[in-house]
Amino acid sequence: MKRMTIVTNKYTLGLIAVVLFAVMLYLGYVGLASYNATIAVGTITEQEDEELSWLNEDDVNLNNISNSAAFFIEYRLDRDRTRGQQLELLRKIIDDANSGAEALQEAQEKIIQITNSLEKELHLESLIKAKGFEDAVTFIKPQSVTTVIDQEEFSRDEIVRITDLVMTVTGQNIENIFIIPNRGEKQ
């Protein structure tokens with residue numbers, strides 16, 4: 001039968017006490033940090049709710065706005081939904097431990113490509129609006145750019161200005177750029 005040893009050395013007892021105290025401090029810190037993070041997330045959520053409190057159902061209801069504005073809002077929502085689904089699938093590939101190095105590399109490159117396209121689309125839409133057009137929505141694909149602009153028809157000068165903007169922002173050749181006038185009608 002084993003005999004239990006009782007520690008009587010005051011230095012050893014002191015060391016054990018210090019280690020126990022350090023462990024208690026660490027556990028308290030970790031618990032407090034997660035508690036503070038929970039409070040921070042709750043506070044951020046409350047702030048976001050307050051910032052969006054002005055928004056009510058009537059503001060979001062597409063029936064209360066013009067056909068033209070509704071078309072562009074719906075197009076952007078569809079574009080964002082599609083991109084979100086693409087990014088979610090790519091993140092699953094990246095997070096999957098069974099993904100090969102090549103699949104991982106391709107997924108990371110595709111995420112970068114989507115992010116760059118999104119940035120260019122937003123930039124291009126802002127520039128088109130700055131040129132005096134009411135609204136625009138752009139969809140950039142690897143081999144083409146499609147821009148739908150809130151206008152019934154274009155003058156030759158307007159087409160040149162828009163095409164120049166698209167070429168400058170995206171680097172696409174003129175034959176790969178499609179500019180579509182639209183006054184809210186579904187295509």
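Quick notes on this one:
- Of everything listed in (1) surrounded by 12 or more Cβ atoms within 10 Å (Cβ to Cβ); (2) assigned to a helix (DSSP H, G or I), the single unmet condition for Ile112 is (1).
- Any hit, region 88-104, residues being under 16 Å from Phe72 (Cβ atoms), surrounded by 14 or more Cβ atoms within 10 Å (Cβ to Cβ) and out of contact with any Gly (no Cβ under 8 Å at 6 or more places or on another chain): no
- From Asp157, Asp135, residue being among the acidic types (Asp, Glu) and surrounded by 12 or more Cβ atoms within 10 Å (Cβ to Cβ): Asp135
- Taken over region 149-170, the criterion of being closer than 15 Å to Glu125 by Cβ, out of contact with any helix residue (DSSP H, G or I) (no Cβ under 7 Å at 6 or more places or on another chain) and in contact (Cβ under 8 Å) with a residue 12 or more places away in the chain is satisfied by Gln151, Arg161.
- Among residues of region 104-126 that are not assigned by TED's automatic domain parsing to the domain that holds Thr163, none has a beta-carbon under 7 Å from a residue that is hydroxyl-bearing (Ser, Thr, Tyr) and in a helix (DSSP H, G or I) at least six positions away or on a different chain.
The values are calculated or read from the model by the stated rules, or taken from the named source; none is laboratory data. Remember, predicted model here, so these are calculated numbers, not experimental data. Glycine also receives a Cβ, built like all others from the backbone with ideal geometry; neighbour counts cover every protein chain displayed.
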